[in-house]
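Chemist: Provided herewith is a single structure, encoded as structure tokens, for subsequent inquiry.
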Amino acid sequence: SSGINAECPLRPGDKIRFMSLTDPNVLAATADLKVMIKPDRENHALHIIDTGIGMTHADLVKNLGTIAKSGTSEFLAKMDDGETMNSDLIGQFGVGFYSSFLVADTVVVTTKHNDDEQLIWESDASSFTVSKDPRGDTLGRGTQISLFMKEEAYDYLEENTIKDLVKKYSQFINFPIHLWTSKTEQVEEPVEEEEKAESKEGETDDDVKVEDEDDEKPKVKVVDKTVYDWEAMNDNKPIWLRAPKDVEQEDYNAFYKSFSKDTDEPLAHVHFSAEGEVTFRSILYVPKTAAHDLYQDYGKATDNIKMYVKRVFITDDFEEMMPKYLSFIKGVVDSDDLPLNVSRETLQQNK
């Protein structure tokens, strides 16, 4: 589930943005590139919508009909200026998309590409169908992935579960991610005439006189109302991508608190980039106070270093990332060229 939430809708946004550099008309339907996640607990469905490039009929058959295909790698091969663009595309659509069947019995993909009509791809993992959407063009441009969840996966329809997943894996993604959320608010509503009549029963003459003076004021009552709205999930910005001279100390402190859950400001930090066989950027922090179990748990694996590839969280399970005597160090490491998630084909070649 985290694979599809973190990656699948994001690459189409990169593609349409790159194409718009040479042809601004590709953004005619909408220039607002974003990802929206809408759980439907009543129908046990999770909808993930993007305003990216969309897919044609041929794309659906070619990319979703063949598990081992990676649309991103072919897209890059066709781009004239591939070197300036491939650093920001992961190409995990094949792998990430089919992991959805781990939690869903049926997957429906509704998509609209600028060069085709709106289409529906549906599969139960054993076969698939592609058909014209009878509703017409409802997306404008982009793709909606609808997962009809297995009973044991209903937890992925809960707001808190989705928030935790998105914030863990995708809080530093370039495009805004919004979740359809609900909250209870107290609102004033006019009192119905019947309620007014009932409230007057049993009143004394004195009560009536006082009320007559306020007859002109509208009668209202306070009630609890459930309100639905889109909530931004990835407000944090990857400050490690900026030059150290452009980052204020307050930004470093706020970022440290956001990912470390430490209430104190850090004692010190280092912000650097490294180039070589693998190029990466990193910010490492020294906490102000040592953890209470630092010596008791000496030598045990920690999750203090978060590994990202192109802003997508990969793992924090590293036993050899830091020497044991530096296990108190906290921070992030982000690489653009690790072979870990480059493409489906690369993944197959490197397994």
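Chemist: Restricting to the stretch 152-208, give me the number of residues that are at pLDDT 60 or above and part of a helix (DSSP H, G or I). Explain how you work it out, then say what you get.
Modeler: Our first condition is that a residue be at pLDDT 60 or above; within the stretch 152-208, this holds for 152-193.
Imposing the further condition that a residue be part of a helix (DSSP H, G or I) reduces the set to 152-157, 159-169, 193.
The qualifying residues number 18.
Chemist: Any idea which residue in the stretch 267-291 is surrounded by the fewest Cβ atoms within 10 Å (Cβ to Cβ), counting only those that are among the aromatic types (Phe, Trp, Tyr) and closer than 18 Å to residue 256 by Cβ?
Modeler: Our first condition is that a residue be among the aromatic types (Phe, Trp, Tyr); within the stretch 267-291, this holds for 272, 280, 285.
Restricting the remaining residues to those that are closer than 18 Å to residue 256 by Cβ gives 272, 285.
Working: 272: 11, 285: 25.
Within the stretch 267-291, the match that is surrounded by the fewest Cβ atoms within 10 Å (Cβ to Cβ) is 272.
Chemist: Pick from the stretch 144-174 the residues that are open to solvent by 10 Å² or more (accessible area, probe 1.4 Å) and β-branched (Val, Ile, Thr): which of them is farthest from residue 29 (Cα to Cα)?
Modeler: Among those residues, the one meeting the criterion is 161.
Chemist: In this structure, does residue 264 turn out to be in a loop (DSSP other than H, G, I, E, B) and open to solvent by 80 Å² or more (accessible area, probe 1.4 Å)? I'd like the intermediate steps shown before the answer.
Modeler: Details: in a loop (DSSP other than H, G, I, E, B): yes; open to solvent by 80 Å² or more (accessible area, probe 1.4 Å): no.
Spelling it out, it is not the case that residue 264 is in a loop (DSSP other than H, G, I, E, B) and open to solvent by 80 Å² or more (accessible area, probe 1.4 Å).
Chemist: For residue 234, are the conditions met, namely being within 26 Å of the chain's Cα centre (by Cα) and part of a loop (DSSP other than H, G, I, E, B)?
Modeler: Against the criterion (within 26 Å of the chain's Cα centre (by Cα) and part of a loop (DSSP other than H, G, I, E, B)), residue 234 qualifies.
Chemist: Output yes when any residue across the stretch 49-59 is of a type in the set (A, V, I, L, M, F, W, C), out of contact with any helix residue (DSSP H, G or I) (no Cβ under 6 Å at 6 or more places or on another chain) and modelled with pLDDT of 95 or more, and no when none is.
Modeler: Within the stretch 49-59, the first condition is being of a type in the set (A, V, I, L, M, F, W, C), and the residues that meet it are 49, 53, 55, 58.
Still in the list and also out of contact with any helix residue (DSSP H, G or I) (no Cβ under 6 Å at 6 or more places or on another chain): 49, 55, 58.
Keeping just the survivors that are modelled with pLDDT of 95 or more gives 49.
Yes, the stretch 49-59 contains a residue that is of a type in the set (A, V, I, L, M, F, W, C), out of contact with any helix residue (DSSP H, G or I) (no Cβ under 6 Å at 6 or more places or on another chain) and modelled with pLDDT of 95 or more.
Chemist: Name the one entry in 172, 101, 97 that is in contact with a strand residue (DSSP E or B) (Cβ under 9 Å, 6 or more places away or on another chain), over 16 Å from residue 65 (Cα atoms) and not small (Gly, Ala, Ser). Spell out how you get there, then give the answer.
Modeler: Details: 101 fails: over 16 Å from residue 65 (Cα atoms); 97 fails: over 16 Å from residue 65 (Cα atoms).
None of the other options fit; the residue is 172.
Chemist: Follow-up question, since we're still on this one. Find all pairs meeting these conditions: Cβ atoms under 9 angstrom apart; at least six residues apart or on different chains; first residue within the stretch 54-68 and open to solvent by 60 Å² or more (accessible area, probe 1.4 Å); second residue in a loop (DSSP other than H, G, I, E, B) and modelled with pLDDT under 85.
Modeler: Filtered contacts from the stretch 54-68: 62/69.
Chemist: Ok, one more. Give the residues of the stretch 270-301 that are closer than 11 Å to residue 331 by Cβ and either in contact (Cβ under 8 Å) with a residue 60 or more places away in the chain or aliphatic (A, V, I, L, M) (or both), sorted by residue number.
Modeler: Hits for the stretch 270-301 are 270, 283, 284, 286.
Residues checked against (1) touching an Asp or Glu at 6+ places or on another chain (Cβ under 8 Å); (2) of a type in the set (Phe, Trp, Tyr); (3) within 27 Å of residue 178 (Cβ to Cβ); (4) modelled with pLDDT under 80:
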position: 229; (1), (2), (3), (4): no, no, yes, no
position: 260; (1), (2), (3), (4): no, no, yes, no
position: 286; (1), (2), (3), (4): no, no, no, no
position: 305; (1), (2), (3), (4): yes, no, no, no
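The values are calculated or read from the model by the stated rules, or taken from the named source; none is laboratory data. Because the structure is predicted, anything quoted here is derived from the model rather than measured. Don't worry about glycine lacking a Cβ; one is built from the backbone with ideal geometry, like all the others, and counts go over all protein chains shown. Please note that ligands, DNA and RNA were not included when accessible areas were found on the heavy atoms of the full protein model with its side chains. Shrake-Rupley method; radii C 1.70, N 1.55, O 1.52, S 1.80 Å.
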